Amino acid sequence: MNEKQKECILEIQDLIIKINETVKKHGLENEFLSCIGVGFVNLDTAYLDEDGAERANMSLLSSFSVADEDELDDLLSYCLEAYRIEAEETRKEEEEKKMSNIDYWINLAQRNGGLN
């Protein structure tokens, strides 16, 4: 981890502590759920594994505020579903943006053997 990343992650750590202190100040610890994971990828260590997947070392910081593994599982399931919904919306927006470009339609027509 370089010095700039270290400085940033320490500042983020302070923010996580402040979040937890805010929850405690309001007496909401028993009702509060959180899962925070932040970090930096070290691109200098990037490589392809035996399956061709990209790999790299990471410097990570995480914090969990849950009662048990079941709560954590529910929270992570929610995060995964929210991610999938957002990714699908982004994919649709990108596709719509592509389709609004005349070049998209010209290239599509040429792939099908010319204009109809």
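The values are calculated or read from the model by the stated rules, or taken from the named source; none is laboratory data. Everything numeric in this text was worked out from a predicted model, so none of it was measured. Heads up, the Cβs are rebuilt from the backbone with ideal geometry, glycines too, and the neighbour counts pull from every protein chain shown.
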Q: Please indicate, with yes or no, whether at least one residue in the range 43-53 is in contact (Cβ under 8 Å) with a residue 24 or more places away in the chain and out of contact with any helix residue (DSSP H, G or I) (no Cβ under 7 Å at 6 or more places or on another chain).
A: no
Q) Here is a list of conditions, (1) in a helix (DSSP H, G or I); (2) without any contact (Cβ under 8 Å) to a residue 24 or more places away in the chain; (3) of a type in the set (A, V, I, L, M, F, W, C), and Leu72 meets all of them except one; can you say which number that is? A) (2)
(Q) Given the options Ser59, Ser65, name the one that is among the hydroxyl-bearing types (Ser, Thr, Tyr), surrounded by 11 or more Cβ atoms within 10 Å (Cβ to Cβ), over 21 Å from Glu31 (Cα atoms) and touching a residue at least 40 places away in the same chain (Cβ under 8 Å). (A) Ser59
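Every residue, every condition in (1) at pLDDT 90 or above; (2) farther than 22 Å from Leu72 by Cα, yes or no:
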residue	(1), (2)
Met1	no, yes
Glu11	yes, yes
Ile19	yes, no
Leu33	yes, no
Tyr47	no, yes
Gly52	no, yes
Q. Conditions: (1) touching a Ser or Thr at 6+ places or on another chain (Cβ under 9 Å); (2) of a type in the set (Val, Ile, Thr); (3) over 20 Å from Glu3 (Cα atoms). Val38 meets all but one. Number of the miss?
A. (3)
Q: Sort out which residues of the range 94-110 are exposed (fewer than 10 other Cβ atoms within 10 Å of the Cβ) and in a loop (DSSP other than H, G, I, E, B), and write them in order of number.
A: Ser100
Q) Any residue in the range 36-46 that is assigned to a loop (DSSP other than H, G, I, E, B) and out of contact with any Leu (no Cβ under 6 Å at 6 or more places or on another chain)? A) no
Q. Looking at Lys24, is it of a type in the set (Lys, Arg), surrounded by 10 or more Cβ atoms within 10 Å (Cβ to Cβ) and within 24 Å of the chain's Cα centre (by Cα)?
A. no
Q. Is it the case that the range 86-99 has a residue that's under 27 Å from Leu15 (Cβ atoms) and of a type outside the set (S, T, N, Q)?
A. yes
